[in-house]
Amino acid sequence: MAVPPIQRPPHQARLSNSWLLDIVLGLLVVASLPLAVVSIPNTLSVVARLLPDDLDQAGLMRTNGLSLPALMLTVPLVAAALRRVPAPHLLLGGLVLVALSEAAGGYAGSEFFVGVVRVLRGVGAGVILAATLAAVWHRAAVLRALWAGMFGLSLLTAQALALWPLDAVSSWRVTLQPYPLVTGVALGLAAVHLVAWTLGGRPAGPVPSVGERGRLLLTAVPAAGIAALAISTATEGWRAVPVMVLAVVAILGLLALASIGSSESRTSAYTMVAVGAVLLPSAAQVTLVEMGGLGGPGLRGLWVPYAVAGVLAIVAAVAVRLFAQGVGRRVASLGLLAMVAGLCSVRLVVPAADGMVLTVPFSLLAVGAAVAVTAALQGVGAGVAMSGLSLGCAGVLAGFLLGAGVQMAMLHGVRSAQELVDSFVGALHWWALAGGFLLVMIIVLAAVMARRPGRGVPVVPEGPGTPPDVPCAGLPPADVLLVRGADQAGPDGDEVVRPDGDDDDPSTVAIPRVGAVMAGPIVEPVAGVGGVTPAVPPQGQSPEDAGSA
């Protein structure tokens, strides 16, 4: 009697390649997330003395700031496109765009060309952020924690990473192509990841439902509005008070949009808005205050605190992911409270001549952000997480606008170098106070809104041969469970969760106003205030030179 051969189930056949895919994906997250976030800071004023005389410096600074608006608008669109294009393809395409922007940056010679290069890089960065989150969503639990930890660390170090290549450069175009070698490495890893994903049987990734895609596209509306108004603040020369009012309105609008949905989706959205609006704007100001020209240790004195903060952030995110299931909202609030403590320490220890002291605020900010983001992403569907990421990216620009307004108010009327430095440090302290109150307000808002019941949505149990997009129509009533969360589309546009291996618990002029527009360093003081020397070291003076005046 012939015995039929033993055939392994498809999911067992793919296990042999699973570890390789996870390792490559982890390396890709580590390499690509900082590369994406470093595109946000606008550091052109640091190399302003290298700009040709026939170029409009103010216009170049405005166009150089277009990367962040492009990133903000790209994230929700890419997340919605995941229904048609797999994450590995998008990730490779995003890194190709970043590589093209760096190659084209070497030939930039006009305001228009610079704007095109920066928009291209912003689009590539937005694709990377959304695609990496989608790629890690159904992989090993540690990978999602690694993404959250690297996301927080990237926001913390973005300003320093943007300034580092500008040490003793001879061309202003370096701001457009800061890390070509890292881009090449990340591009190679993305190609290997695509091959490993293909050989592994093309495992399915998260697919936003119809309702989630609508919400993702809705998040693009406030992002576009904030970007347009932010550009207007630069081109029309808005004063400090209108800029701050605009920033407050923008943040309130994001929080209002974040209040839509279930309790878990609201927690995710609130957390991402809080982290985006506070972390990078705060870290950018601290980094600038600690430059050698202002009496700080310079970038060389900051890398050890950054490294310690990064390690602690990743470890904390992994611990939350593995051991804090089912308590996402509470842990997310604790993470935001840690960020509040970090901002309080900023007021106490910054400026500091010893860079090691900054380990305390950097660690509190990075660990708090990583813990909050990791906890907020538990118990929600991928579409909800993408929506929160979109709101968080828009929150970055809103935070920059608020910080810029504070700086513009503090720096108005300065007449000496010492007044400029004192006002710059004072603006940082006032911003830390405002950021702390904003975080506390969001924590309270999340706690109050958690008492509102979320809408239950059906869950379709996945069985052998179930297609990824199967709706709940036609299933017997016993196969439909009501839970919170969302991952697939129901027959009437309702959101349906599909348990596909995730272990989450589904239940429960002198000072250019371009600084107010998408500028990484908020407002970078430059020469021209009554002959005041720049607070940020000018070209020809290394940012690391602790002895510079």
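The values are calculated or read from the model by the stated rules, or taken from the named source; none is laboratory data. This one's a predicted model, so the numbers in the text were calculated from it and none came from an experiment. Backbone-built Cβ (ideal geometry, glycine too); neighbour counts: all protein chains shown. Protein only, heavy atoms only, side chains kept; ligands, DNA and RNA dropped before computing areas. Shrake-Rupley method; radii C 1.70, N 1.55, O 1.52, S 1.80 Å.
Mind grabbing the base-10 log of I(q)/I(0) for region 139-219 at q = 0.18, 0.19 Å⁻¹? Debye formula, identical points on the C-alpha positions, no solvent, two decimal places. Here log10 of I(q) over I(0) equals -1.08, -1.10.
Remark on region 258-328: Rg and Dmax equal 16.8, 49 Å (Cα only).
The C-alpha radius of gyration of region 148-270, expressed as a fraction of 2.2 N^0.38 Å, stands at 1.48. Surface composition of region 12-146: carbon plus sulfur atoms contribute 67% of the solvent-accessible area (1.4 Å probe, protein chains only, all chains present). Of the chymotrypsin sites (Phe, Trp or Tyr not before Pro) found in region 107-175, those in coil by DSSP whose Cβ has at most 16 other Cβ atoms within 10 Å are Tyr107. Highest mean first, the peptides 123-135, 66-78, 201-213 sorted by other C-beta atoms within 10 Å per residue fall in the order 123-135, 66-78, 201-213. When a 1.4 Å probe is rolled over the protein heavy atoms, the share of accessible surface on region 162-317 that falls to carbon and sulfur comes to 74 percent.
With the convex hull drawn around the C-alpha atoms of region 324-381, the volume per residue stands at 62 Å³. Backbone geometry of region 329-341 corresponds, through the Karplus equation with coefficients 6.51, -1.76 and 1.60 at θ = phi - 60°, to 3J(HN,Hα) couplings of 5, 5, 5, 4, 5, 5, x, 5, 5, 4, 5, 4, 4 Hz, x marking Gly and Pro.
Per the Kirkwood formula applied to alpha carbons, region 7-132 shows a radius of gyration over Rh ratio, Rg over Rh, of 1.14. Accessible surface area normalised per residue over region 188-338 is 35 Å², counting heavy atoms of protein chains with a 1.4 Å rolling probe. Over region 51-161, accessible surface divided per residue gives 29 Å², non-protein components excluded, 1.4 Å probe. Three principal axis extents of region 202-316 based on alpha-carbon atoms, in descending order, are 53, 46, 29 Å.
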